[in-house]
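Presented below is the structure to which this report refers.
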Amino acid sequence: MKLSKLFTKTLKTNPADETAINAQLLIRGGFVSKVMAGVYEYMPLGWRVLQKINNIIREELNKIGADELYLSVFQDRETWQATGRWDSAKEVMYQFKDTTGKEYGLGFTHEEPLTATARHYINSYKDLPKAVYQIQTKFRNEARAKSGLLRGREFLMKDLYSFHTTQEDLDQYYEKVATAYDTIFSRTGLKAVRTFASGGLFSRFSDEFQVVSEIGEDTIYINEEKNRAVNKEVNTDEVLNELGWDKTKLVEKPAIEVGNIFKLGTRFSEPLKLSYTDESGDSKPVIMASYGIGPGRVMGAVVEVSHDDKGIIWSEQIAPFKVHLISLGKNAEAEDVYQKLQASGIEVLYDDREDKAAGEKFADADLIGCPWRLVVSGKMADDQIEIKKRPDPTPQVVKRSEIINLLK
């Protein structure tokens, strides 16, 4: 892609109404555009990053046998009333009436509608286990919408649901998902700590995946020997004794939650009458679990923990482009490099702008944060090109004929 043709432009100063680093840098770099508190639109650069995060999620969940689907965002009142959550969700769910007076909500999660849908497809023990997921826009009437992409009213969510005949089968799949989550976050460039949290009504514990960051609204206590943590709400003597952890060795850190997994049991299957017939012909409720990741939160968290005073530092797996190519002066050599990179399958953002000085081009490259910067200048020998890894301070000059192999 040529920078001169890009829909967005970079900004020199931070937006006045944003205090979170992720919001400041993503807006300045042209990745997102703010609509209102908690609502952001993804521009071409941001959409590329988000899609790469989504594809990593897809790849890892597909490996553990989950199928992707897509459910309606419209939530039927009667379905939610069956579990008693229509009224309890009023504070966070956008609820309204249509022109006929029928009441609906906009989904912030999909346990109820998916459980209801599963009744059409799950009847026998032979139909189980099953696991399905979606990557879909969710809506939440968030009173504290802030921190850029980390706390929104409209946001993308990957929600996975699994259905089982036994608790043992659920437990085994639950651990498969936890392992997949570790891989997902590692591939996006995050070091996420699996954290014991309250299981609420559903189980003894749930698991959160937390990224240590000063902007984090959660407080976690890390057992560095085990690379596990407990959330502040479950950091009690009783829980620590159960885990066999020494309270004096735990390290307190602020953190950003980027994912969570819950064992639901029969909390939704019983009221919504999702059952199966076992081998003896008896009817039993399906045992369930749910698993969430916020791709936008992942994107925001990456920026929070991977930036410097010049801009964003993306990992190669989720960067909008692998290479940021800069042409200094008007030269055909840069266009030739651009074409060769594309022909080799290397994603490249080409700064071909003729009305920008070298300093401004370099500043934009650092702000946008692609992993590699290439510079072609008329002052170099014909067979030379400058290459620099973000955020290394010192560039190198190499032969232009070597650049494809170096990047690959």
A 22 angstrom limit on the alpha carbon distance is what I want to check against. Which of Lys340/Lys408; Lys379/Lys399; Lys12/Lys408; Lys34/Lys146 exceed it? Lys12/Lys408
Ignoring everything except DSSP H segments at least 4 long, calculate the 222 nm mean residue ellipticity for the chain; use -39,500 (n - 2.57) per segment, divide by total residues, nearest 500. -8500 deg cm²/dmol
Mean-position separation - Cα centroids, the stretch 219-284 and the stretch 313-331, in angstrom: 41
If you filter the stretch 88-166 for GluC sites (Glu not before Pro), then keep DSSP loop positions with at most 12 other Cβ within 10 Å, what is left? Glu91
FRET efficiency, Glu279 to Lys9 (Cβ-Cβ, R0 45 Å, nearest 0.05): 0.10
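Test of the criteria: in the stretch 298-343, which trypsin sites (Lys or Arg not before Pro) are in a DSSP loop and have at most 14 other Cβ atoms within 10 angstrom of their Cβ? Walk me through the intermediate numbers first.
On the way: sites: Lys310, Lys322, Lys330, Lys340; in loops: Lys310, Lys322, Lys330.
Here the sparse-neighbourhood loop sites are Lys330.
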What is the mean projected area of the alpha carbon convex hull for the chain, to one decimal in square nanometres? 24.3
For labels at Ile404 and Glu335 in the simple 7 Å Cα→Cβ model, what's the distance in nm? 2.0
Out of the DSSP beta bridges found with both residues in the stretch 323-407, what percent are antiparallel (nearest 5)? 45
Global geometry of the stretch 1-150, whether rounded, prolate or oblate, following the gyration tensor of its Cα atoms and the 1.5 cut on a/c: oblate
What are the trypsin sites (Lys or Arg not before Pro) within the stretch 113-150 that DSSP puts in a loop, where the Cβ has at most 12 other Cβ atoms within 10 Å? Arg144
Cα-based shape type of the stretch 323-407, given that a ≥ b ≥ c are square roots of the gyration tensor eigenvalues and the cut on a/c is 1.5: rounded
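Throughout, read-outs are computed from the coordinates displayed, never taken from laboratory work. All figures in this text were calculated on a predicted structure; none of them were measured in a lab. Don't worry about glycine lacking a Cβ; one is built from the backbone with ideal geometry, like all the others, and counts go over all protein chains shown.
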